[in-house]
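Structure, as structure tokens:
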Amino acid sequence: MSVPLFDVRGVTKSYGFGASKFDALKGVSLNVFAGQSLAIVGKSGSGKSTLMHLLALLDDPDSGELLVNGSPANKLGSKQTNRLRNEDFGFVFQQFFLTPNASVLENVILPLKIAGVGANERRARGMAVLEQLELADKAGNRATNLSGGQKQRVVIARALVNNPKVIFADEPTGNLDTVTGLLVEDILFSLNKDRGITLVIVTHDEDLADRCDVQLLIRDGLMESSASSTGAAA
Ligand code: ADP
Ligand code: MG
């Protein structure tokens, strides 16, 4: 069996201290293999976003282990961690809002700016990804002057501009009507099928979860069911 992209072993995470301490993750283990699509499902407050933040190296577990491509995440230097986050990971998070007064193109090329890519190449790559998502004609629009579905496509364009290996999506269709949500889902799954981009999706939506190769149900910080041991075909 190949080395998992993410190998999570008994991770815990608590918020707060003393009487207000809350155990958001109480020992969660899972594997994610390159090329898979994985759904993390569960009720609000069950720890889904916390788990996704750990996988995406946006936060550290209190205990347990996280291996990325076989290497312990806590042994990676900050340079390597930043490179993974900026170049290998794309984020489609509801709370990662677009900058309202910047143009669509400026929003999309922000990760390239952070990665130090020059202005001409930023523009070319930003426009290429906007073309792919049929948003090229909106490049100069303020990000606020867009429909919900267009905004979410801009967020996906921004996630794609670095040519990531993994896309983390937290409730990617949560604010969208059914038809627009399905269009956004189709974009994500075509990236998975056609380009082999690994998808890690947090969702309430059972239909969206069913489209993924593997579904993990998390309840009160514990994994209720895990299909990851059988979903290792990739
Ligand atoms: P989900 O994404 O499944 O709704 P979260 O992972 O966001 O759940 O949160 C799990 C629990 O941890 C919730 O009870 C939430 O209130 C709590 N929590 C999340 N983030 C914080 C934080 N920064 N500080 C304190 N509590 C938090
Ligand atoms: Mg959440």
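Overview of values
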read-out	value
Long-range neighbours under 8 Å by Cβ, at least six apart or interchain, first residue open to solvent by 10 Å² or more (accessible area, probe 1.4 Å) within the stretch 35-61, second among the hydroxyl-bearing types (Ser, Thr, Tyr) and within 10 Å of ligand 1 (Cβ to nearest atom)	Asp59/Thr50
Members of the stretch 151-180 found to be open to solvent by 40 Å² or more (accessible area, probe 1.4 Å) and at negative phi, listed by number	Lys151, Arg153, Lys165, Gly174, Asn175, Asp177, Thr178, Val179
Flag if Ala119 is open to solvent by 60 Å² or more (accessible area, probe 1.4 Å), hydrophobic (A, V, I, L, M, F, W, C) and modelled with pLDDT of 90 or more	yes
Subset of the stretch 197-209 (residues that are charged (D, E, K, R) and either within 14 Å of ligand 1 (Cβ to nearest atom) or in contact (Cβ under 8 Å) with a residue 24 or more places away in the chain (or both))	Asp205, Glu206
Qualifying positions in the stretch 181-209 - open to solvent by 30 Å² or more (accessible area, probe 1.4 Å) and part of a helix (DSSP H, G or I)	Leu182, Leu183, Asp186, Ile187, Ser190, Lys193, Asp194, Arg195, Glu206, Asp207
Qualifying residue in the stretch 76-91 (condition: surrounded by 14 or more Cβ atoms within 10 Å (Cβ to Cβ) and within 16 Å of ligand 2 (Cβ to nearest atom))	yes
Selection count where residues are away from ligand 1 (no atom under 13 Å from the Cβ) and out of contact with any Lys or Arg (no Cβ under 9 Å at 6 or more places or on another chain), scope the stretch 38-62	1
Check on Val92, modelled with pLDDT of 95 or more, within 16 Å of ligand 1 (Cβ to nearest atom), assigned to a strand (DSSP E or B) and under 27 Å from Leu208 (Cβ atoms)	no
Test: residue in the stretch 38-58 that is within 19 Å of the chain's Cα centre (by Cα), more than 16 Å from ligand 2 (Cβ to nearest atom), of a type in the set (A, V, I, L, M) and not in a strand (DSSP E or B)	yes
Count of residues meeting criterion [more than 9 Å from ligand 1 (Cβ to nearest atom) and buried (at least 21 other Cβ atoms within 10 Å of the Cβ)] in the stretch 10-27	1
Verdict on Phe97 being open to solvent by 50 Å² or more (accessible area, probe 1.4 Å), among the hydrophobic types (A, V, I, L, M, F, W, C) and under 16 Å from the mean Cα position of the chain (by Cα)	yes
Residue among Leu30, Leu66 that alone is open to solvent by less than 30 Å² (accessible area, probe 1.4 Å), assigned to a strand (DSSP E or B), more than 16 Å from ligand 2 (Cβ to nearest atom) and within 21 Å of Leu208 (Cβ to Cβ)	Leu30
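The values are calculated or read from the model by the stated rules, or taken from the named source; none is laboratory data. All of these numbers come straight from a predicted model, not from anything done at the bench. A quick note on method: Cβ atoms are made from the backbone with ideal geometry, for glycine too, and the neighbour counts reach across all protein chains shown. Calculation scope for accessible area: heavy atoms of the full protein, side chains included, ligands and nucleic acids excluded. Shrake-Rupley method; radii C 1.70, N 1.55, O 1.52, S 1.80 Å.
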